[in-house]
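Participant: Pasting a structure below so you can have a look.
Derivation of every value follows stated rules applied to the coordinates shown; laboratory data play no part. Here the structure is a predicted model, which is why all the values come from computation and not from measurement. For neighbour counting, all protein chains shown are included, and Cβ atoms are generated from backbone atoms with ideal geometry for every residue, glycine included.
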Amino acid sequence: MKKALTLAAVAILTVSIAAVAADKPKSSAAGEKTATGTIAKVDSASKSLTVTDSKGTSWTFLWNDSTRILGGELKEGATVQVGYTEGDGKMWATWIRAGETGK
């Protein structure tokens, strides 16, 4: 009985650690897309971020107070992953993960 309880506790702990380690933002908005690349420009005053991917394609994302900023600092040259929706002809970031993106 003691062995079964110990195994159950270890299984619960393992699942919990895996869930926390994943820490990947979930798509909560309908039509959310993602983009991955390198930050080419950050404008904190206008809350805009320009990202360039490995093919040279650039996107400009806007964020607001409800945007979740995860990981490291938003600075030029940093690797970034952005979850976004499109509206009013603009791309609005729902979350931004700076640093290792886990490609």
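Participant: Which condition number does GLU76 fail, the rest of (1) within 13 Å of the chain's Cα centre (by Cα); (2) exposed (fewer than 12 other Cβ atoms within 10 Å of the Cβ) being met?
Facilitator: Going through the list (1) within 13 Å of the chain's Cα centre (by Cα); (2) exposed (fewer than 12 other Cβ atoms within 10 Å of the Cβ), GLU76 breaks only (1).
Participant: Considering each residue of segment 47-73, count those that are assigned to a loop (DSSP other than H, G, I, E, B) and more than 16 Å from the chain's Cα centre (by Cα), and give that number.
Facilitator: Total satisfying the criteria: 5.
Participant: Right, something else. All but one of (1) under 11 Å from THR36 (Cα atoms); (2) exposed (fewer than 10 other Cβ atoms within 10 Å of the Cβ); (3) not aromatic (Phe, Trp, Tyr) hold for GLY83; which doesn't?
Facilitator: (2)
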